[in-house]
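This report concerns only the one structure given below.
A short reminder: the numbers here are calculations on the coordinates, not readings from a lab. Computed from a predicted structure; not experimentally measured. Positions of Cβ are backbone-derived with ideal geometry, glycine not excepted, and every protein chain shown enters the neighbour counts.
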Amino acid sequence: MSYKELLPYITTFIFDIDGVLTDGGVNILTQEAVRTINSRDGYALRYASKMGYSIFVISGGDSKALKKRLILNGVKDVVLNSSNKIDAYNALKTQYELKDDEVLYMGDDIPDYEVMKNVRVATCPQDAAVEIKAIAAYQSPYLGGKHCVRDVIEQTLRVQGKWFKPD
């Protein structure tokens, strides 16, 4: 089955932060690590949320400012300081009654591996780790932090007839 044939079933998006929503670079300023999120990815998050999709983020990092920004962009829940992403994923599934068959997950490195093995659609940015690329149903042509999130959201919504409905 091709990647696009899996997209009609997706109701939920889950993303990693570093290397997916960002380019993986971290600038340390005083007490807070500073990350940059692409505005096109932010728009896609807001649009998908507005269209009724559930969006979650699981990250090993810790940034309360980033969490606040993601919530403002329509993300339903942000799990930070996740040393074991499969446990965080299972907790989200229980709390929000998520089904593996309805989830698209985008990760870029080894901590994402177990979650990616459990969801309907595992995706990654072009610069993901080799092990992640090996299990991804789709590799975005975009790098982490450079529209890869927009890419998978837009493709999913286009397949489902929900992308860009002019008034």
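Roughly speaking, what % of Cα-Cα pairs in the chain are separated by over 27 Å, rounded to a whole number?
Everything past 27 Å amounts to 15 percent.
For the chain, what are the DSSP H helices with axial Cα length of 15 Å or more and mean Kyte-Doolittle hydropathy of at least 0.0? Walk me through the intermediate numbers first.
Working: long enough: 39-50 (16 Å, -1.13); 85-96 (16 Å, -0.81); 148-159 (17 Å, 0.27).
Span-like helices, by this rule, are 148-159.
Quick check: pseudo-label points 7 Å beyond the Cα along Cα→Cβ at Arg69 and Ala134, how many nm apart are they?
So the two model labels end up 3.4 nm from each other.
Using Cα-Cα distances under 8 Å and only pairs 6 or more residues apart, what relative contact order does the chain have, in percent?
On the way: 322 pairs, mean separation 48.5, N = 167.
With pairs under 8 Å counted, the relative contact order is 29 percent.
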